[in-house]
Amino acid sequence: MLRGISYAHRMPEITDEQLMQRYAGGDTQAFEQLYARHRGAMYRYFSRQLNEPASANDLYQGAWEKIIRSRRSFRAGTPFTAWMYRIAHNHLVDHYRRQRPLDAREMDGIADQQPGPSQRAIEEQQNEHLRAGIYSLPAEQRTTLLLKLETGLKLEEIASVTGVNRETVKSRLRYAVNKLKGCLVE
């Protein structure tokens, strides 16, 4: 049975930062590894920010394009995940700036498009309430919450990504969680 054991498990895994440095130097396979590691979380980040799959997909693709174009600006010692989500966050902010703000009636219309409670099991209803609750959070709270949940970034890294201090991140997370609790209790 020992013959089937690969030596790869004994070698330390290459870090995201090392892969990004290799990619910046021209190693396309390093990018493929980074993409494989982060594509799911990045897509979920955008899909939970927006209630439109097509727009989420466009932003997802656009963020990866910006990462590719910015590869030479990556600096050693910078946490890759924080750098990547900073690009994704800025891309999302640019998207919101291009959009006109939705008023409360439009937000109600979006919520009304969701299937009614009689069409789903209780668990699916709770998931829908949670998604709607996340979508209804103010953009700053939603972004902070999703960066924490989807990426596992530390508070300091989220602060760096969003351009605010650590205490503001903690406050946004606290308010977001309290609002979501309220949505789920109703």
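The values are calculated or read from the model by the stated rules, or taken from the named source; none is laboratory data. Everything numeric in this text was worked out from a predicted model, so none of it was measured. Here the Cβ is made from the backbone with ideal geometry for all residues, glycine too, and neighbour counts use every protein chain on show.
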Among the residues of the range 56-64, is any at pLDDT 90 or above, over 20 Å from Ala36 (Cα atoms), part of a helix (DSSP H, G or I) and in the same structural domain as Ala36 (by TED's automatic domain parsing)? no
Going through (1) free of Cβ contacts under 8 Å to residues at least 24 places away in the same chain; (2) more than 26 Å from Glu52 (Cα to Cα) one by one, Ser160 fails only at (1)
Does Val164 qualify as being outside any helix (DSSP H, G or I), of a type outside the set (Ser, Thr, Tyr) and modelled with pLDDT of 80 or more? yes
